[in-house]
Amino acid sequence: MKVTDMTSISLRSLALMGAMCVTTACGGGPGGSPNPADYQPKAQPATQPADPYAPPPKPKIKKQAKQIFTEAGALAAQGPSRYEDAIEMYERVYKEEPLLKVSLYNIALLYEQMGDQSKAVEAYKFAADNGVAEGWVGIGLMQLASGNEGEAEASFRRALDMEPLNGRAHLNLARIAKNRGDRRQAMESIRNALKEDSRNADAYNLLAQIYLDMKRYKLALLVCNAGLEELDPEHSGLWTTQGVIFLNLKDVINATRSFREAIKYDDKNYAARLNLGLITFNYRDYERSYQLLSEAVNLRPNDPEIVISKAVVARALNRIDEAKQGYQKTLELKPNHPGALFNLAIIQQDYTEVEGFDARIQNVKEAISQFENVLNFSQDERLRKKVQRRIEEARLIIESIEIEKESAATQQAQPAPADQPQ
């Protein structure tokens, strides 16, 4: 089954799963022919003796159950307002025809789409207990979304115990291995996924990302091109990965094109918006950058890197209060985030207005303290050099304020000139 996102499954995927389980003819006679002659019975071949080594015939699924299954999928496709109705129909399908076990998976998926995590987990486990390996995949994806990679890995392996060629389980194991730097294991899991489906565009995308991590840009680009040209020209993930490769090759024009294609084929692609927003920011198109990053934040409100990126653009647009709130939100999501600490220190030093020499000196000292705090949490040499330059500048500012203060005090101490005689 096609999966366009490693951490979730869309209702389109649900519909695809239904299509694989329920196949019916479409109108007309045999093969869809409208010719009445095609309805005439044909001569049957002579009966052959049964092959003792032939696999047993597949059990037939009740026609009524197929129809209800199809209707349930149509209800689910109408959106959240019909999810509960679809769930009831899928439950009815399974009661009438236990062979349609995929109904159990679809029930769990709809609970997850509704945001009912506990019922979703319970339903996924019930599906797995009744022989649906995808139940463990669903649980694993929920665990991944919660940041529990270890538990997710165990769930994906349980799915493989039931279904050794489960492509989604292999692909998610590949992603976990990639994240921990085990490229050999990641490659092996990708190969196993391709054994189930040699035309799996998601596998191509992940393979391209691994080559990208290895800085083998030309090979990564070759894999992306093959996936887009031969497998799925509308694969948003492949377009996004291709865009990142072009950025590494300093080809901003083609990178921009790739990210735009990614958004065209998936209006929820936050990564493409983030990258396109950063490109437009570098070209000083701040309004367009702010729009793209706002859309990305709406899609991923708890991603600290997206939140801080929008805050940086807000500062460029002189929306200081909004920028400050963005940096503070970043620190809530990721405490001691060096970039957020650095930018808050800049706001403290450059954008905080106070009256009086002592208050101004204290304000700059607080900024220096915040800059020094960045050095405690950042190993990025470029950022550390910026911080050190800022600290030096801040100390010079303090010296300048102190000189102003002394000058003002001297002027006040001097006696006022006498009045001139009339």
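Quick note: the coordinates plus some simple rules give every number you see, no bench work behind them. These numbers were taken from a predicted model, which means no experiment stands behind them. Positions of Cβ are backbone-derived with ideal geometry, glycine not excepted, and every protein chain shown enters the neighbour counts.
Structural remarks
- Cα shape, segment 96-199, gyration tensor, a/c 1.5 rule: oblate
- Shape of segment 199-267 from the C-alpha gyration tensor: oblate (a/c of 1.5 or more and a/b not above b/c, with a ≥ b ≥ c the square roots of its eigenvalues).
- What separates the Cα centres of segment 59-116 and segment 184-208 is a distance of 30 Å.
- For a straight C-alpha distance cut-off of 14 angstrom, the aspartates and glutamates reachable from Lys218 (same-chain residues fewer than eight places away being disregarded) are Asp251.
- Sorted by Cβ density within 10 Å, fewest first, the residues Phe69, Phe126: Phe126, Phe69
- By the count of neighbouring beta-carbon atoms within 10 Å, fewest first, Thr256, Thr352, Thr240, Thr330 end up ordered Thr352, Thr256, Thr330, Thr240.
- Total formal charge among the other residues, if their Cβ is under 12 angstrom from that of Ile391, Lys/Arg +1 and Asp/Glu -1: +4
- Lysines with Cα under 19 Å of Lys62, excluding same-chain neighbours fewer than 8 positions away: Lys95, Lys101
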